[in-house]
Structures are given as structure tokens and as C-alpha cells.
Amino acid sequence: MTTCPELERVLYIEDEPDIRLVAEIALRQVGGLNVITCAGGEEGLSLIHDFMPQLIILDVMMPGMDGPQILCKIRDLPEFKTTPVVFITAKVQADEVEQFKRLGAANVISKPFNPMTLADDVRAIWAACYE
Amino acid sequence: MSDRELNEKPSIDTQLATLQAEYIANLYERVLPVLSLWQDYIASNYSPELLRDVYRKVHAIAGTSSILNVKPIDRLSNQVQIKIQAVLQATDIEMMLIAEIALILNEILDVVKSGDINAPPINLNT
């Protein structure tokens, strides 16, 4: 077992501006995390080395690069080969969760998420990565 | 962030309520492009690519409406998503499903135009 470091920096890629704002409230103000949100994969990948997120949240369905495609790009970066990636998607079925995990996701959070518990959910996934 | 900035920031439920109200106020502008794309889909003689574009736009509205607790739009846009998936998976053009999608899209437009949208406060305690 590896000691679980404190989760501080989270990158959240989501194309919907209103959901980004809710996520910022949930993760930054409620959860006390240092979070950067961005609208798409290209923007996220452009700042990933400066921000060095410990955990990355990806919306699944986005125009341009979708979540799984962004995950592939992230895994091409040597520094982020094992960084936990969490998919976030609407009304997810159990078989879809397994499919996303096979792609390399640490876990899946379903929409609608609760703004008051999102940060706790993310921290639980983070801790599970170190069990 | 300084203590002063923290003190001046509205409460979280006020921020969420503001987001919800602004989203509802702008819903008409979000729904119109979906209807326009739907017309393009019909005019194209049912291009699956255009239908996938409609799906993506409806999916975005469904996702945001669910998080912002805009119940009627959440419900209707989910119905549209399910029926579009059925059309995309069918081997033949399902005219009945297409008619049903058109009806629900019109219902979404009617709800948005009425301005009478049931949106309970975003639940912070569950």
C-alpha cells in the first residue's frame, strides 16, 4: 500500500460553461481544491504541464475530442501515464462504467452530480487509487 | 483569496440560484439551434450525421438542465435522447419515432417560450 498524498490540484475538462461554473463552485469553494476548468481537450492539454494536475476529470461527450480521446492523449504524455482520470457522464449504466475503466479511467461520476458532495466523491476516488 | 473577498462572495446557494436563473433566461437561445438543426435533418432526408449533431446538442441541454435542476427540460430532453438513439440504431427510417421527436422538441420550445419553468432550488443537502 502506498501512502495517499493529499489531493490538491484537479483539472476538469467540460464543454458546457454552466456545468464548469457549478463544478468550480463544488470543487473550489465547497471542496477547497485547486481546480482549473477548461472547455476542451486542446486547451486542457496545453496547460497540463504548467498546472501538473494530480487528478483529471473528463466529460465523456464533447465536440472535437471526446473524453476517451483526451484520455489517450494524456496517456501519451510520460508524466501523466498513471494520473487518475475520472469520466463524468449522464445516466451511466454499469456496463459503461466497466467499459470506461477498461479504457483506463479510475472511475466514473454520473451527472447530475451533487455540488455539495462532488469534491468528497473525487477525493474518495483519489484515495481508492492508493489502496 | 483574501478574507474580504471571501466575505463579499455570495453564498454558494445564492451563486447556484443565480446560475440556474441565468440558464433559464437563456434557454430559448439554446433551444433554437437544436430546432434549426432538426429542420436540417428533415431536409437532408434523414442524414444520420445531422441526427448525431442534434443528439449532441440535446445531450448538452439535458446535462446542464439536470445539474441545474431544470426539471421539465431535463425530462423532455432525456426523452428526445432516448428516441434519437432508437432512430440511430434502427436499420430503417422510423417515421413514428421521428414524429415523436418532433413533438417533444416542440414541447420543449413551448415550455421555454412560456417562461413557466419548474426549477426547484439546487438541492444542497442530499
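The values are calculated or read from the model by the stated rules, or taken from the named source; none is laboratory data. Keep in mind it's a predicted model, so treat the numbers as computed, not measured. Using ideal geometry, Cβ is built from the backbone for each residue, glycine included, and neighbour counts are taken over all protein chains shown.
Here are the numbers:
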{"item": "In segment A:71-107, the residues that are touching a Phe, Trp or Tyr at 6+ places or on another chain (Cβ under 6 Å) and surrounded by fewer than 19 Cβ atoms within 10 Å (Cβ to Cβ)", "result": "none"}
{"item": "Some residue of segment B:35-47 being charged (D, E, K, R) and out of contact with any helix residue (DSSP H, G or I) (no Cβ under 6 Å at 6 or more places or on another chain)", "result": "no"}
{"item": "Matching option when the condition is more than 15 Å from the chain's Cα centre (by Cα), under 30 Å from A:Met116 (Cα atoms) and either surrounded by fewer than 18 Cβ atoms within 10 Å (Cβ to Cβ) or of a type in the set (Phe, Trp, Tyr) (or both), among B:Asp92, B:Asp116", "result": "B:Asp116"}
{"item": "Residue match in segment B:4-20 (condition: over 18 Å from B:Leu105 (Cβ atoms), under 11 Å from the mean Cα position of the chain (by Cα) and either within 13 Å of another protein chain (Cβ to nearest Cβ) or in a helix (DSSP H, G or I) (or both))", "result": "no"}
{"item": "Residue pairs meeting the criteria (Cβ under 9 Å; at least 6 apart or on separate chains; first in contact (Cβ under 8 Å) with a residue 24 or more places away in the chain, in segment A:12-28; second hydroxyl-bearing (Ser, Thr, Tyr) and assigned to a helix (DSSP H, G or I))", "result": "A:Glu16/B:Thr64; A:Ile19/B:Thr64; A:Val22/B:Thr64"}
{"item": "Pair list, Cβ < 6 Å and 6+ apart or interchain, from segment B:1-25 residues that are closer than 18 Å to A:Ile19 by Cα and at pLDDT 85 or above to residues that are of a type in the set (Lys, Arg) and assigned to a helix (DSSP H, G or I)", "result": "none"}
{"item": "Of the criteria (1) in contact with a helix residue (DSSP H, G or I) (Cβ under 7 Å, 6 or more places away or on another chain); (2) of a type in the set (Ser, Thr, Tyr); (3) not in a strand (DSSP E or B), which one A:Tyr12 fails", "result": "(3)"}
{"item": "Scope segment B:47-78; condition within 17 Å of A:Pro63 (Cβ to Cβ) and facing chain A (nearest Cβ under 7 Å); matching residues", "result": "B:Arg56, B:His59, B:Ala60, B:Ala62, B:Gly63, B:Thr64"}
{"item": "Residue that is surrounded by the fewest Cβ atoms within 10 Å (Cβ to Cβ) [pool: residues in segment B:24-46 that are within 13 Å of chain A (Cβ to nearest Cβ) and farther than 23 Å from A:Gly64 by Cβ]", "result": "B:Ala25"}
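Table: residues versus (1) within 14 Å of another protein chain (Cβ to nearest Cβ); (2) in a helix (DSSP H, G or I).
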| residue | (1), (2) |
| --- | --- |
| A:Glu24 | yes, yes |
| A:Ile36 | no, no |
| A:Gly44 | no, yes |
| A:Ile48 | no, yes |
| A:Thr83 | no, no |
